[in-house]
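Trainee: Handing you this structure, nothing more for now.
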Amino acid sequence: MVAFRGLVCGWRLGGCGNGALGNVVEVGIQVFSVALFPAALIYGGLSDLASYRIPNWLSVVLVAWFPLAAWSAGLTLGDVLVHFGAGLTVFAAGAGLFMVGALGGGDVKLLAAAATWTGFGHLSPFLLAVTLAGGALAMAVLILRRVPLPEAWRRKGWSRRLLTPGEGIPYGVAIAIAGVTLSARLGAAGPVFGR
């Protein structure tokens, strides 16, 4: 099978793994990728918690960076396409959930972008973790909405909507918890999961 790495060697100074500069670039991409995945998910979760919005650019950055992360991890072109297939599968299922009002559009896009990184190899544990974290989050929010809290808490900008009965649940938080947990569990296995 053609290595994905072989398709992009021409743009790297020093070729693929040849020379110190080439190695520095590859290691830099790997280090950035290891940090990018959880950092982007955390940002998305916090943004969803604060404003019930997940910026579109965040999902675009995750998907756009994935080929570089995959290249630095040594995935083949076939592996990369399978990872994109996982993202598209989750996006299609998420679009159905969006249409019935079960998930927000930002949640669907962030979930699909994260699924691109997990690939099918770790998709089931990731989605299970998202489901469990989402269920725990929903229960916690529903309980908080029934508990008598100081009125000042209920009037604060970010908590007003969160604590208002009938409002949605910021599911980006659950996606972030699941992604960061998976990332921490796999650790040095690489920024790209599910080879």
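The values are calculated or read from the model by the stated rules, or taken from the named source; none is laboratory data. Nothing here was measured: the structure is a model prediction, and the numbers come from that model. Heads up, the Cβs are rebuilt from the backbone with ideal geometry, glycines too, and the neighbour counts pull from every protein chain shown. In case anyone asks, the SASA skips ligands and DNA or RNA and just uses the protein heavy atoms, side chains included. Shrake-Rupley method; radii C 1.70, N 1.55, O 1.52, S 1.80 Å.
Trainee: How far is it, in nm, from the label point at A136 to the one at W153 when both lie 7 Å from their Cα along the line to the Cβ?
Mentor: The two pseudo-label positions are separated by 2.0 nm.
Trainee: Right, something else. Determine ³J(HN,Hα), in whole Hz, for all residues of the range 95-111 in sequence, where each value follows from phi through the Karplus function 6.51 cos²θ - 1.76 cosθ + 1.60 and θ = phi - 60°; x replaces Gly and Pro.
Mentor: So the J values, rounded to whole Hz, are 4, x, 5, 5, 5, 9, x, 7, 9, x, x, x, 4, 4, 5, 5, 4.
Trainee: While we're looking at this one, here's another question. How large is log10 of I(q)/I(0) for the range 54-169 at q = 0.15, 0.16, 0.23 Å⁻¹ when the intensity is taken from the Debye formula with one equal scatterer per alpha-carbon?
Mentor: Those come out to -0.76, -0.83, -1.26, one per q.
Trainee: Continuing with the same structure: Kindly sort V130, V63, V24 by accessible area of their heavy atoms, largest first, with the probe set to 1.4 Å.
Mentor: Heavy-atom accessible area, descending, gives V24, V63, V130.
Trainee: Could you order the peptides 119-126, 88-95 from most to least packed, using the average number of other C-beta atoms within 10 Å per residue?
Mentor: Ranked by mean Cβ neighbours within 10 Å, highest first: 119-126, 88-95.
Trainee: Where the accessible area of the range 52-184 is counted over protein heavy atoms with a 1.4 Å probe, how much of it, in %, is carbon and sulfur?
Mentor: 72 percent
Trainee: Lys and Arg at +1, Asp and Glu at -1: add these up for the other residues within a Cβ distance under 9 Å of P165 and post the number.
Mentor: In short, +1.
Trainee: Next question. Zone of W57 (label point 7 Å along Cα→Cβ, backbone N under 20 Å): which residues in the range 113-156?
Mentor: 113-114
Trainee: While we're here: Name the residues whose placed amide hydrogens come within less than 5 Å of the amide hydrogen of T76, ignoring near sequence neighbours (fewer than 5 apart) on the same chain.
Mentor: The answer is F4.
Trainee: Taking all pairs of distinct Cα atoms, average 1/r, flip it, and tell me the Kirkwood hydrodynamic radius of the range 111-176 in Å to one decimal place.
Mentor: Final number for the Kirkwood radius of the range 111-176 is 13.3 Å.
Trainee: Amide H to amide H, which residues 5 or more places from R53 or on other chains are under 5 Å from it, using H placed in the peptide plane?
Mentor: D48
Trainee: Let me ask you something else. Of L88, L103, A73, which is farthest on the positive side of the dipole of the range 61-195, counting Cα position, with +1 on Lys and Arg Cβ, -1 on Asp and Glu Cβ, and the Cα centre as origin?
Mentor: Of the options given, the answer is L103.
Trainee: Using the per-residue mean of other Cβ atoms lying within 10 Å as a proxy for protection, in what order, highest first, do the peptides 175-185, 42-52 fall?
Mentor: Packing order, densest peptide first, comes out as 175-185, 42-52.
Trainee: Per residue, how many Å² of accessible area does the range 77-142 show with a 1.4 Å probe?
Mentor: That works out to 45 Å² for each residue.
Trainee: For K109, K156, what's the largest-to-smallest order of accessible area, 1.4 Å probe?
Mentor: Largest accessible area first, the list is K156, K109.
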